[in-house]
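See structure below.
What follows draws every value from the coordinates through simple rules; no lab data is involved. The shown structure was predicted, so the numbers you read here are calculated from the model rather than taken from an experiment. In this analysis, Cβ positions are derived from the backbone assuming ideal geometry, glycine residues included, and neighbour counts consider all displayed protein chains.
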Amino acid sequence: MHVRRMQLAIMALLIPAQLALGQQAATDDALPSAPEGKTWKLVWHDEFDDTTLDESKWDVPPDGKRKEGWWMRKAISLDGKGHLVISTLKEGDRYIDGCVRTKGKFEHAFGYYVAHLVNRVCQAIRPANPKVGIMVCPSQDYYQEPPKPELIEFCHNIPDDVLVYWTGPRTRSRVILKEEIDEWIEKTGRKPLIWDNTIYARFQPFWDSKVYETNGYLLNAYGAKFPDNMPELVAGIHLNCNTQVIYQPAS
């Protein structure tokens, strides 16, 4: 659920900022400077000033299991003072909380919002640590395949020296063509940082003593096929070994 988790995390940070605008008059210092030639317009808000949740703005998932806990409507309420309250409860062996989201009510390409968060990170880190490199790994639907509109929007709104991971046309791309890299660069305006997941797809049985003693290595031969001029096309290559287990089990 990488993409959904990303969307919810963004909304959790975005909504308070929007609510603040609703609770006080917008001022010049309430928002960052708008891009040149553009102005800000409030497009969504909720003051939580009723006694019940406004379900024309919010979607509440049905009661049901959510990983190790439960999402249930009973955990969601308004306190009558302009606040949404999501409680954490325990009933028997069940841990309960709630979820509200704008799914199907107000959905928006989130590339710009993620870019805003990354820019805030850069602003916090860079002044005191100008040589620190910052890398961003998009969620699963965006770190592979040709770049989607949200990723394109994101890449065009972050500093040029922030590296963005890309795994190629698939999560484990054994082949990446020059044309695929060129398309990614053309649409995002930057070179990708390749995340190569093929290493751990090529491992020998990790502690088969006969294999190890015969061959002397744990990994099969590296066989990813990249363009001959790969160093010129990308910002770098990250090799993800992800070996899981690197020790001999006790006998």
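Per-structure values
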| item | result |
| --- | --- |
| Residue 225 versus residue 94: modelled label distance in nm, points set 7 Å from Cα along the beta carbon direction | 5.4 nm |
| Over the stretch 92-176, relative contact order from alpha-carbon pairs under 8 Å, at least 6 apart, % | 34 percent |
| Cα-Cα over 29 Å, subset of 38/187; 67/131; 105/191 | 67/131; 105/191 |
| Sorted by Cβ density within 10 Å, fewest first, the residues 97, 50, 228 | 228, 50, 97 |
